[in-house]
Structure formats: structure tokens, C-alpha cells
1. How far is helix 78-87 tilted off the main Cα axis of the chain, in degrees rounded to 10, range 0 to 90?
2. Could you list the residues of segment 1-18 with an amide nitrogen less than 14 Å from a label point located 7 Å from the Cα of residue 90 in the Cα-to-C-beta direction?
3. Residue by residue through segment 32-44, which ³J(HN,Hα) values in whole Hz follow from phi under the Karplus form 6.51 cos²θ - 1.76 cosθ + 1.60 (θ = phi - 60°), with glycine and proline marked x?
4. Using a 7 Å offset from Cα along Cα-Cβ at residue 73, what residues in segment 25-50 end up with backbone N under 19 Å from the label point?
5. Considering the chain as a Gaussian network with a 10 Å cut-off on Cα pairs, which listed residue, 82, 53, 70, attains the greatest mean-square fluctuation?
6. Taking residue 74 as the anchor, which lysines have their alpha carbon closer than 25 Å to its alpha carbon, excluding any fewer than eight residues away along the same chain?
7. Given a 10 angstrom Cα cut-off, can you work out which residue in 36, 45, 111 is the most mobile in a GNM of the chain?
8. Would you please classify the overall shape of segment 74-137 from the alpha carbon gyration tensor, given that a ≥ b ≥ c denote the square roots of the eigenvalues, rounded means a/c under 1.5, and beyond that prolate means a/b larger than b/c while oblate covers the rest?
Amino acid sequence: MKKLAVIVTGGSYNNLLQACEWIRIAAASGAQVSVLFRDEAASKLTHERLKQLTFSDAYKGRESKVRDMLRERKRLDVPAVLREVKEAGNVKFSVCRETIEYFEITVDQLLPELDEVQKAEAFWKEAVAPADQVLTF
């Protein structure tokens, strides 16, 4: 089984969605996928902060139209997207411990779809070092 490690740092909605789409595709093809959300991406993974999720500057002036399209495609609800990704195959979602400390986020504030909180060094040893491929978003 191929092993894929994914590190997601960008916290815009379109970056999180793009990462989830590639993770879903990899999992559906049989890869074992380990994901680490860190930095700005990790800071958005609470119910409260998801309400403030924005698109990158590339979508300026098109946010409303894109939101409507994503709503129609059932891609606007981040927790539902994370659940769908996990249902596609062998996926583990981790959140960087250092990041949640920087942003003063407690573990109980994180989305329940996330599997664990771990230090970046532990993710390196468990997922990045043995990976066949590493993607970053």
C-alpha cells in the first residue's frame, strides 16, 4: 500500500478544499494517507473559526458566486467534507500541537472529525519519513 503524507498550512477555504480533494482521491485509490494541519490551516479547524473562513485573494469579487456553487455541490460544510474524505479510504487527520498552542486553541474546541493532536516531529517520524510521497498545501 502506498503511503502519502500531506501537510496543510494555508488556511483559506479554497486551500483546505483543494487539499481535501487530493486526499480523497488518494484514499479512494488505495493509498494510506496521513494529514497534518498546521499553522493557519490548523487555526481554522474549530466550529467558531470556520464561520470566519474566507477565500484567498484570487477569488476576490467572486466569493458569493463560488460559495453558491460550493453549496450546490455540498462542498461548503468543512466537517462534512472531512467526513467524506475519511469515508473514501484510509485517512488520518492530525493537528499540530504547537500550532494550537500558538493560537490558544484547546483540544476540545477542535472539530471532532480530526483524529489526533501531535507535534510536528512526531508526524515527521510516523508519516513523512516512511511516505512514498509528500504533498503540501
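1. 40 degrees
2. Within reach of a label on residue 90, which here means backbone N under 14 Å from a point 7 Å along Cα→Cβ, segment 1-18 contributes 1-5.
3. Going residue by residue, I get 8, 10, 10, 10, 10, 8, 9, 6, 4, 4, 5, 5, 8 Hz, with x marking Gly and Pro.
4. Output list for this probe position: 25-29.
5. Result for the chain, Cα springs under 10 Å: 70 fluctuates most.
6. 44, 51, 60, 65, 86, 92
7. 111
8. Because a/c hits 1.5 or more and a/b fails to exceed b/c, segment 74-137 counts as oblate.
Here, each number is a calculation from the coordinates, and none is a lab measurement. Please read all numbers here as calculations on a predicted model, not as lab measurements. Every residue, glycine among them, receives a Cβ derived from its backbone with ideal geometry; neighbour counts consider all protein chains shown.
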